[in-house]
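Participant: Supplied in structure tokens, the structure appears directly below.
The values are calculated or read from the model by the stated rules, or taken from the named source; none is laboratory data. For clarity, every value in this text was computed on a predicted model and none was experimentally measured. Here the Cβ positions follow ideal geometry from the backbone for every residue, glycine too, while neighbour counts run over all protein chains shown. Surface areas here come from the heavy atoms of the whole protein model, side chains and all, with no ligands, DNA or RNA. Shrake-Rupley method; radii C 1.70, N 1.55, O 1.52, S 1.80 Å.
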Amino acid sequence: TWTPILRGSSVAGSNNYSYQVGTWKRIGDTYQLEGRLTISGAVDPTMAGNMEIAGLPATVVSGTQGREATISFNYVNNLSLATGKSISGRGLVGTNTIVLAERGNVGDTNLTSPTKFGASLDLRFRIIYTRA
């Protein structure tokens with residue numbers, strides 16, 4: 001198991017969770033993770049910087065041909081993004097962190113405000129990455 005954490009990169013903040021669970025398996029140098037973060041009540045408004053999912057079981061390594069960490073969301077609830085945008089993320093090389101972003105037609109913009117997250121935010125996701 002692993003424990004995912006929703007935080008800000010410069011001010012982590014402190015959230016209360018209804019669900020904060022994850023499982024993982026390693027195949028060679030590749031990690032496959034599943035996780036769920038459900039906030040109990042409001043998200044901590046003091047979080048600042050890039051919004052992140054932290055606590056991955058191994059450090060993300062730089063890779064070629066998309067071998068860095070990728071995240072896909074299979075369920076999202078109580079998230080307020082700009083019209084036409086979806087949530088995405090990428091591994092931050094040299095850390096145990098996924099940086100969250102808003103994805104549009106022409107690229108991603110890092111999520112930098114906890115105001116995008118509504119009360120009882122629920123994120124269910126899968127992460128695949130190569131370990132350092």
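Participant: Would you mind telling me the share, in percent, of accessible area of the stretch 1-118 contributed by carbon and sulfur at probe 1.4 angstrom?
Facilitator: Of the solvent-accessible surface of the stretch 1-118, carbon and sulfur hold 46 percent.
Participant: So which residue, out of 44, 29, 108, gets the largest mean-square fluctuation from a GNM of the chain using Cα contacts under 10 Å as springs?
Facilitator: Of 44, 29, 108, the most mobile in the Gaussian network model is 29.
Participant: Suppose all protein chains stay in the model; what accessible area per residue would a 1.4 Å probe give for the chain, in Å²?
Facilitator: For the chain, the solvent-accessible area averages 51 Å² per residue.
Participant: In addition: By the scheme Lys and Arg +1, Asp and Glu -1, what is the net charge of all other residues having a beta-carbon under 13 Å from that of residue 86?
Facilitator: Once positives and negatives cancel, what remains is +1.
Participant: For Cα pairs less than 8 Å apart in space and 6+ apart in sequence, what is the mean separation divided by the residue count of the chain, i.e. the relative contact order in percent?
Facilitator: Computed value for the chain: 33 percent relative contact order.
Participant: Quick one: work out Rg over Rh on the C-alpha atoms of the chain, Rh as Kirkwood radius.
Facilitator: 0.94
Participant: Let me ask something additional. Separation between the residue 11 and residue 122 pseudo-spin-labels, each 7 Å from Cα along Cα→Cβ, expressed in nm?
Facilitator: Reported label-point gap for residue 11 and residue 122 is 2.9 nm.
Participant: Between beta-carbons, use under 11 Å as the cut-off and find the net charge around residue 108, counting Lys and Arg +1, Asp and Glu -1.
Facilitator: Residues close to residue 108 contribute a combined charge of +2.
Participant: On to the next question. Can you bin the stretch 1-49 into rounded, prolate or oblate? Criterion: square roots of the alpha carbon gyration tensor eigenvalues sorted a ≥ b ≥ c, rounded for a/c under 1.5, prolate for a/b above b/c, oblate for the rest.
Facilitator: Oblate, because a/c is 1.5 or more while a/b does not exceed b/c.
Participant: Something else now. Where the only charges are on Cβ atoms (+1 Lys, Arg; -1 Asp, Glu), what is the dipole of the stretch 1-104 about its Cα centre, to the nearest 20 debye?
Facilitator: Computed charge dipole of the stretch 1-104: roughly 160 debye.
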